[in-house]
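This report refers to the structure that appears directly beneath it.
The values are calculated or read from the model by the stated rules, or taken from the named source; none is laboratory data. Please read these numbers as outputs of a predicted model, since none were measured by experiment. A quick note on method: Cβ atoms are made from the backbone with ideal geometry, for glycine too, and the neighbour counts reach across all protein chains shown. With ligands, DNA and RNA removed, areas are computed over all heavy atoms of the protein, side chains included. Shrake-Rupley method; radii C 1.70, N 1.55, O 1.52, S 1.80 Å.
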Amino acid sequence: CIRDRAWATMVLPMASFDETTDLIRLVAHSGTTADALLQRDLIDKLDVSEDLRKVRAPTLVIHARMCAIHPVAEGRKIAASIPGAEFLEVDSSNTFFVASDPALDRVLGAMLGFLDQDSDSGPQPRTA
């Protein structure tokens with residue numbers, strides 16, 4: 001349906017036709033339109049800002065610079081609210097990263113590097 005493709009293109013503007021089609025199929029099989037609207041409403045109203053300050057796990061926030069749905073300022077705000085969080089801004093407009101996204105290699109490299117930190121010495125406790 002045209003409405004579904006318009007939505008998917010807004011979420012993944014840099015995606016290939018096949019990736020967009022795959023997203024449409026995934027969403028179609030994951031619930032009803034009413035479920036999706038309820039989830040969107042919950043996301044729009046949910047405020048976890050106080051909870052972010054309580055996070056003690058190592059955290060890497062990755063955000064697309066040109067995301068139309070979630071402005072990069074939101075990603076920066078989330079990272080700034082989590083003690084010790086790292087923030088990576090990448091050149092993309094996708095809401096999440098798919099195989100055709102030129103930023104995917106940078107995102108995966110950053111994730112692997114982040115996960116590899118302190119791996120030689122085992123898990124490190126974080127202090128507030």
Worksheet item: Which value, in Å² and to the nearest 10, is the accessible area of VAL27 when all protein chains are kept and the probe is 1.4 Å?
Response: 60 Å²
Fill in: Charged-residue dipole, Cβ positions (Lys, Arg, Asp, Glu), the chain about Cα centre, Debye nearest 20
340 debye
Worksheet item: How many percent of the accessible area of the chain is carbon or sulfur, using a 1.4 Å probe?
Response: 60 percent
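Relative contact order (percent) for segment 54-101, with alpha-carbon contacts under 8 angstrom and 6 or more residues of separation?
Numbers: 72 pairs, mean separation 22.4, N = 48.
About 47 percent, as a whole number.
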Item to complete: Rounded, prolate or oblate: pick one for segment 1-102, where a ≥ b ≥ c are the square roots of the eigenvalues of its C-alpha gyration tensor, a/c under 1.5 means rounded, and failing that, prolate if a/b is larger than b/c, else oblate.
Response: oblate
Discussion item. Please compute the contact order of the chain in relative form: average sequence separation of alpha-carbon pairs under 8 Å and at least six residues apart, divided by the residue count, as a percent.
Written reply: 27 percent
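Rounded to the nearest whole Å², what accessible area per residue is found for segment 1-47 with the 1.4 Å probe? Please report the intermediate quantities before stating the final value.
Numbers: 3730 Å² over 47 residues.
I get 79 Å² per residue for this part.
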